[in-house]
Amino acid sequence: MKTLTLIILLLAAVPALAYEVGDTVEDFTLPDLEGVDRTFSDLRGEVVVLNFFATWCPGCNEEAESLENDIWLEYRDRGVRVVAVDVQEQAVLVDGWRQAQGVTYDIWMAPDWTLFADFTLLGGLPYNTVIDREGVLRYAQTGYDLGGLLAVIDPLVGPTPAERGSWGDVKALYHP
């Protein structure tokens, strides 16, 4: 009986494992910079680049421009949403950072490291994920790798109309 009790106590002390690629991300709600609660499930149907960051993180500051220009502005019309989750900072500080960086993508505020710990047990900041339209985690990595992100995003959103081509596209070339 003592052995069984000890095993149960040890299992209770072990933290839940972080999400792995292929897992469905559970719903969560966080406030945005204006204090309005935003819920992850409201983004279903979109490909979500979920970025964990902090204003004091040098790598986070370096990636902000690329997240804005290479992902958000390039892919938003194709159903991709960038949501940056600031970890444990004040909204007024983060809003000043947003303005200085010139970013327009969504920023949600995590009051502590709990949500971050759901995604990684050993990772640092910045931490980037890609979650598909059904809420399945397709990519997760510490640091910023634009090529790695795009290699996952591109197949999820499919080719652009120009890349697909059509008889109408060809016809338009000859009959303006």
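The values are calculated or read from the model by the stated rules, or taken from the named source; none is laboratory data. The structure displayed is predicted, hence computed values, not measured ones. We place every Cβ from the backbone using ideal geometry, glycine too, and count neighbours over all the protein chains shown.
The table below gives the values:
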{"item": "Condition check for ALA64: buried (at least 19 other Cβ atoms within 10 Å of the Cβ), hydrophobic (A, V, I, L, M, F, W, C), part of a helix (DSSP H, G or I) and free of Cβ contacts under 8 Å to residues at least 60 places away in the same chain", "result": "yes"}
{"item": "Failed item in (1) within 17 Å of the chain's Cα centre (by Cα); (2) modelled with pLDDT under 95, with ARG98 passing the rest", "result": "(2)"}
{"item": "Residue selected from the stretch 122-176 under the condition at pLDDT 95 or above and aromatic (Phe, Trp, Tyr), by the criterion nearest to GLY45 (Cα to Cα)", "result": "TYR139"}
{"item": "Residue selected from the stretch 40-53 under the condition part of a strand (DSSP E or B) and closer than 18 Å to ALA117 by Cα, by the criterion nearest to the chain's Cα centre (by Cα)", "result": "LEU50"}
{"item": "Unmet requirement for PHE119, which otherwise passes all of (1) surrounded by 18 or more Cβ atoms within 10 Å (Cβ to Cβ); (2) modelled with pLDDT of 95 or more; (3) farther than 19 Å from ARG76 by Cα", "result": "(2)"}
{"item": "Matching residues, the stretch 65-83, being out of contact with any helix residue (DSSP H, G or I) (no Cβ under 8 Å at 6 or more places or on another chain) and farther than 21 Å from LEU33 by Cα", "result": "GLU74, ASP77"}
{"item": "Any hit, the stretch 89-105, residues being of a type in the set (A, V, I, L, M), in contact with a strand residue (DSSP E or B) (Cβ under 6 Å, 6 or more places away or on another chain) and closer than 15 Å to VAL48 by Cα", "result": "no"}
